1. Please find, within the range 150-167, the residue that is farthest from ligand 1 (Cβ to nearest atom) out of those that are in contact (Cβ under 8 Å) with a residue 40 or more places away in the chain and over 20 Å from ALA40 (Cβ atoms).
2. Just one of ALA306, ALA302, ALA315, ALA333 is within 19 Å of the chain's Cα centre (by Cα) and either within 26 Å of VAL137 (Cα to Cα) or crowded, with 19+ Cβ neighbours inside 10 Å (or both); which is it?
3. Pick out the one residue from ILE211, ILE218 that is within 14 Å of ligand 1 (Cβ to nearest atom), part of a strand (DSSP E or B) and modelled with pLDDT of 95 or more.
4. Given the criteria within 21 Å of the chain's Cα centre (by Cα), touching a residue at least 24 places away in the same chain (Cβ under 8 Å) and over 30 Å from ALA350 (Cβ atoms), does LEU219 qualify?
5. Can you work out which of the residues in the range 6-28 that are in contact with an Asp or Glu (Cβ under 8 Å, 6 or more places away or on another chain) and hydrophobic (A, V, I, L, M, F, W, C) is surrounded by the most Cβ atoms within 10 Å (Cβ to Cβ)?
6. Please go through the range 168-186 and give me each residue that is in a helix (DSSP H, G or I), more than 15 Å from ALA40 (Cα to Cα) and either in contact (Cβ under 8 Å) with a residue 12 or more places away in the chain or aromatic (Phe, Trp, Tyr) (or both), ordered by number.
7. For GLY199, which of the numbered conditions (1) within 16 Å of ligand 3 (Cβ to nearest atom); (2) of a type outside the set (Lys, Arg); (3) under 21 Å from ARG143 (Cα atoms) fails to hold?
8. Output the number of residues of the range 224-273 satisfying the condition of being under 30 Å from SER295 (Cβ atoms), part of a strand (DSSP E or B) and open to solvent by less than 50 Å² (accessible area, probe 1.4 Å).
Amino acid sequence: MTHTLSSIRINEQRFKTNFEALSRIGATDAGGAHRPALSAADLGARAWFRERVEAAGLEYACDAEGNQSALLRGDCEGAPPFLLGSHLDTVPDGGRFDGALGVLAALEVLQTIKESGYSPSVNLEAINFTDEEGTHVGLLGSRALTGKLTSLDLGGPNQGVEVFESGLSRLGLTRDGILGSSRDPKMIAGYLELHIEQGSTLAECGEEIGIVTAIVGILRLRLRFIGRADHAGTTPVQRRRDAGRVACTFAAHTWETVLRDFTDCVINVGNMRFEPGIFNVVPAAVTLDLELRASSNPRLTALHDALVHLARQEAKEAEVELEITLAEDIAPATMDLTVQQALIECAQAAGQKYRSMPSGAGHDAQSFADICPTGMIFIPSVAGVSHSPKEFSHWQDCVNGANLLLQTALKLTHVPT
Ligand code: GLV
Ligand code: MN
Ligand code: MN
């Protein structure tokens, strides 16, 4: 890279102004952000993003998956674009940085390059992906764009079909459109994403940058224990077929199993819904949402098999029926070694303290890992807190991350003339 290119830096003030403006959309009293995908606040953020893209003089596009793009054309008619992206949606009552940082940094990178007068050797595209967080279907936009989403994945959206479809129609999207418009992998030159770490490693070690080596795999299961409703005062405890009791026992035993046999994995019981869900009726049915994460497919499969076996055994002993549905299956992903090396060289050139590390959180980047050179940058999360209104990163770390995104995108796409 030329000396001039390696000295380009983002416009910190504009980046901050954009971050503050976006943070006001869906802002919560606790200081966080509430923008579940396809909600009114998400639509507000999307409208704001489009307006910023157009005001920057970049080309705006929205695909049939609802992914929004800003495009900066380079010196390369017809060549595949290099993508920079993340997501503007949040978990309910989430934080201001998760996802938003990466989208705003991507936009800032394109604006900075445009203003520098440098004409990139490829087209550069900044993307806001639809529903990364799985309000309806996890990684919806990035999995659909990369051709990984199937009709099965759209079959059991997390808030139910009606809520999902009315959300889609608000955006003018359809299921068929989502499934029918993936991009040709040959038309994607590469993918880079900036994100907060969402863990405490960088902050605790006093490092400024994490260079992601791999991203965890995720399985989401819905277990429905079906027992029998009975009078909660008159039915002897021994004669009940209590779905609530089995679901609670199973939940406790999943933790014991992980702590004993799967210390390299994590699980989460994210929700339990009791039916009919009142004081005086023995629960007739309970639906339990269980998430499993592991860094390799064999470990994920072993954990899955152990917990499904446990659930079946406990249901059988309690004479309760059990239905298990696989709600989401997101494969672990390895980041490209050439991209990791480029990130290391750019971090070194900037004098940034960095470490290579895996990601325990899921990201849009994992949709791209098997189709194009893909990499991710982490910046520190104060106290490792995320998916919470208390999520916070120091602004200087955000700026450092955005500059590393800029420099690495230039390094990976520059073709000397
Ligand atoms: C995304 O934030 C995830 O890891 O669930
Ligand atoms: Mn995220
Ligand atoms: Mn998240």
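1. Among residues in the range 150-167 that are in contact (Cβ under 8 Å) with a residue 40 or more places away in the chain and over 20 Å from ALA40 (Cβ atoms), the one farthest from ligand 1 (Cβ to nearest atom) is GLY156.
2. Answer to the selection: ALA333.
3. On the way: ILE211 fails: within 14 Å of ligand 1 (Cβ to nearest atom).
Going through ILE211, ILE218 in turn, the sole match is ILE218.
4. On the way: within 21 Å of the chain's Cα centre (by Cα): yes; touching a residue at least 24 places away in the same chain (Cβ under 8 Å): yes; over 30 Å from ALA350 (Cβ atoms): yes.
In short, yes.
5. Here is the first cut: in the range 6-28, the ones in contact with an Asp or Glu (Cβ under 8 Å, 6 or more places away or on another chain) are 10-11, 14-15, 18, 26, 28.
Cutting the leftovers down to hydrophobic (A, V, I, L, M, F, W, C) gives us 10, 15.
Values: ILE10: 20, PHE15: 23.
Here the answer is PHE15.
6. Pass one, the range 168-186, residues in a helix (DSSP H, G or I): 168-170, 175-179, 185-186.
When the remaining residues are screened for being more than 15 Å from ALA40 (Cα to Cα), the result is 175-179, 185-186.
Correct list: ARG175, GLY177, ILE178, LEU179, PRO185, LYS186.
7. (3)
8. Total meeting the criteria: 3.
The values are calculated or read from the model by the stated rules, or taken from the named source; none is laboratory data. Remember, it's a predicted structure, so these values are computed and weren't measured experimentally. In this analysis, Cβ positions are derived from the backbone assuming ideal geometry, glycine residues included, and neighbour counts consider all displayed protein chains. Areas reflect the complete protein model, heavy atoms only, side chains present, ligands, DNA and RNA absent. Shrake-Rupley method; radii C 1.70, N 1.55, O 1.52, S 1.80 Å.
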